[in-house]
Amino acid sequence: MHDKDLACKGSEEMIGQWSIAIAAGAFVVLVAGILLALHKALVHWGRMQITIEELGKQVQATQTELGLILQPAADTVQAINDQLQSSRKLFQAAEQASEAVDQVSKAAGHLTNLLSDAAVRYVEQSSKKQQKQVDEALQWAEIAVIAWQLWQKGRSRAVKMEQSGQEEALVEV
């Protein structure tokens with residue numbers, strides 16, 4: 001038994017050694033697998049970092065482009081705002097000018113009414129004065145006609161008397 005014990009012991013040792021060798025091999029394979037997985041993860045992580053950096057650069061480039069685009073847009077908006085302010089001032093000035101024209105128009109209308117009233121009064125006064133002068137002239141003309149008629153009558157009497165005086169003188173002769 002002794003040989004048998006020895007043989008059993010030898011096979012147990014061998015199994016133990018093989019088990020240790022298998023466990024060591026499994027551990028090496030496991031460690032190698034983990035190292036390969038970590039290596040792949042690091043490579044993948046490196047690629048992601050590169051991609052992220054490239055995206056960051058693209059974002060910066062896009063921001064720069066947007067800044068270049070937005071600055072003229074902001075300038076245009078400011079120019080439009082300035083023009084709106086200017087046009088608002090222009091409309092206010094036009095409104096004030098319109099009010100001034102309205103006031104001048106009202107003043108001109110009032111002045112026209114005053115001048116028209118004054119002209120009517122002047123014409124009425126002139127008309128009255130002229131009518132008075134015409135009346136006076138007619139009265140003087142009437143007096144002149146009466147005087148002329150009287151003078152004519154007086155002359156015609158004088159002529160008649162003279163003629164009758166000549167006839168009497170002829171008759172007497």
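The values are calculated or read from the model by the stated rules, or taken from the named source; none is laboratory data. Given the structure is predicted, the values throughout are model-derived calculations rather than measurements. We place every Cβ from the backbone using ideal geometry, glycine too, and count neighbours over all the protein chains shown. We work out accessible area using only protein heavy atoms, side chains counted, and drop any ligands, DNA or RNA first. Shrake-Rupley method; radii C 1.70, N 1.55, O 1.52, S 1.80 Å.
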Completion exercise
Per the filter on the range 126-150, residues among the acidic types (D, E) and open to solvent by less than 100 Å² (accessible area, probe 1.4 Å) are D135, E136
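Residues checked against (1) under 15 Å from the mean Cα position of the chain (by Cα); (2) open to solvent by 100 Å² or more (accessible area, probe 1.4 Å); (3) without any contact (Cβ under 8 Å) to a residue 40 or more places away in the chain:
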residue	(1), (2), (3)
D75	no, no, yes
S86	yes, no, yes
A107	no, no, yes
H110	no, yes, yes
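Results for (1) touching a His at 6+ places or on another chain (Cβ under 8 Å); (2) modelled with pLDDT under 80; (3) open to solvent by 80 Å² or more (accessible area, probe 1.4 Å); (4) at negative phi, shown as yes or no for each residue.
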residue: H39; (1), (2), (3), (4): no, no, yes, yes
residue: W45; (1), (2), (3), (4): no, no, yes, yes
residue: A61; (1), (2), (3), (4): no, no, no, yes
residue: P72; (1), (2), (3), (4): no, no, no, yes
residue: Q92; (1), (2), (3), (4): no, no, yes, yes
residue: A97; (1), (2), (3), (4): no, yes, no, yes
Problem - Filter result for A119 (modelled with pLDDT under 80 and assigned to a helix (DSSP H, G or I)) - result: yes
